[in-house]
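The values are calculated or read from the model by the stated rules, or taken from the named source; none is laboratory data. These figures come from a predicted structure and were not determined experimentally. Using ideal geometry, Cβ is built from the backbone for each residue, glycine included, and neighbour counts are taken over all protein chains shown. Quick note on the areas: whole protein, heavy atoms, side chains included, nothing else; ligands and nucleic acids left out. Shrake-Rupley method; radii C 1.70, N 1.55, O 1.52, S 1.80 Å.
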Amino acid sequence: MKLLPVANEEAAIALREHPLVAVDMGFSGKSKSCGVALAAPDETPSAKPYHFGTAAKTAAEFIRDNRGGVLILEAPLSGAFDAKRNPRARSGFEDGDKPRWWSFGAGAQMALAALYFCRRLDELLPRNLAVHLIEGFVVGDESGKHEEVAERLARAFRGECRAQWHTVSPDGEAVSIADWFGQPGQACPVILHPRGV
């Protein structure tokens with residue numbers, strides 16, 4: 001697959017009419033820890049919970065059947081490092097009373113889950129199929145059932161609820177998930193943060 005990180009809000013908005021898969025990442029071996037929302041261009045997103053492997057297969061089938069699309073993964077899809085090559089916040093949205101850095105606990109776990117999820121998609125999809133990639137950011141009290149989070153991401157992307165868009169700050173070094181898939185030099189995916197319903 002051609003993994004194409006969407007660099008900014010304007011580029012994301014231009015893709016709103018594309019087929020859409022939004023995934024609230026989970027990485028459990030036993031529970032349905034992934035919520036997946038699917039929506040063709042003229043459809044309302046519908047979401048269900050899935051096991052990790054089934055979520056990847058479901059996303060791949062939808063993307064293949066629609067000959068491409070937009071993929072939103074609620075997991076860190078980039079990393080940032082300071083001048084000494086130590087992890088740092090990617091931008092102000094990760095700081096606060098309870099910092100939610102990409103490299104801390106659950107963030108690091110979901111980044112690993114996203115790598116394996118994208119690897120599985122790459123195995124299941126044709127090499128020439130374009131997948132536009134956006135990061136979702138939903139934390140704390142905003143989280144809920146996995147399928148509800150996936151649906152919120154899809155609705156926020158479509159402009160049906162308030163959202164903030166964030167980009168990775170250019171200070172220091174930033175690494176996109178595309179670098180890990182042999183597609184270096186691409187921008188870090190823009191980050192979609194739904195706000196309210």
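Starting with the highest mean, order 74-80, 113-119, 8-14, 145-151 by the number of other Cβ atoms within 10 Å, averaged over the residues of each peptide.
On the way: 74-80: 26.1, 113-119: 19.3, 8-14: 14.4, 145-151: 22.3.
Final packing ranking: 74-80, 145-151, 113-119, 8-14.
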Exercise for review: Please give the contour-minus-distance gain from ASP42 to GLU142: 0.36 nm per residue of separation, less the Cα-Cα distance, rounded to one decimal in nm.
Suggested key: 33.3 nm
Practice item. Would you kindly state how much longer the chain becomes between ARG119 and ASP179 on full extension, computed as 0.36 nm times their sequence separation minus their alpha carbon distance, in nm to one decimal? Key: 20.3 nm
Study note, to complete from the structure: With every protein chain kept in place and a 1.4 Å probe, the residues PHE181, PHE27 fall, from largest accessible area down, as PHE27, PHE181
Study note, to complete from the structure: So for R0 = 30 Å, FRET eff. of GLU10-LYS84 from the Cβ-Cβ r, to 0.05, ends up at 0.35
Study note, to complete from the structure: Out of LEU3, VAL175, THR58 - ranked by how far each Cα lies towards the positive end of the dipole of the chain, with unit charges on the beta-carbon of charged residues - the top one is THR58
Check your understanding: How much length is gained on full extension from GLN109 to THR54, taking 0.36 nm per residue of separation minus their Cα-Cα distance?
Key -> 17.9 nm
Point to revise | Hz values of 3J(HN,Hα) by residue in segment 169-178 - Karplus curve (6.51, -1.76, 1.60), Gly and Pro given as x | key: 4, x, 5, x, 10, 10, 10, 8, 4, 4
**Study point:** Where the chain is the region considered: accessible area per residue in Å², 1.4 Å probe
**Key:** 48 Å²
Review point. Once you sort the root eigenvalues of the Cα gyration tensor of segment 52-197 as a ≥ b ≥ c, which label holds: rounded (a/c under 1.5), prolate (a/b larger than b/c) or oblate (the other case)?
Key: oblate
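Using a cut-off of 12 Å between beta-carbons, work out the net charge of the residues near SER176 (Lys and Arg +1, Asp and Glu -1, SER176 not included).
The answer is -2.
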Review point. Per the helix-only calculation at 222 nm, which mean residue ellipticity applies to the chain, given -39500 (n - 2.57) for every DSSP H run of n ≥ 4 and division by its residues, nearest 500 deg cm²/dmol?
Key: -8000 deg cm²/dmol
Check your understanding: Using +1 on the beta carbon of Lys and Arg, -1 on that of Asp and Glu, and nothing else charged, what's the dipole of the chain about the Cα centre, debye to 20?
Key -> 460 debye
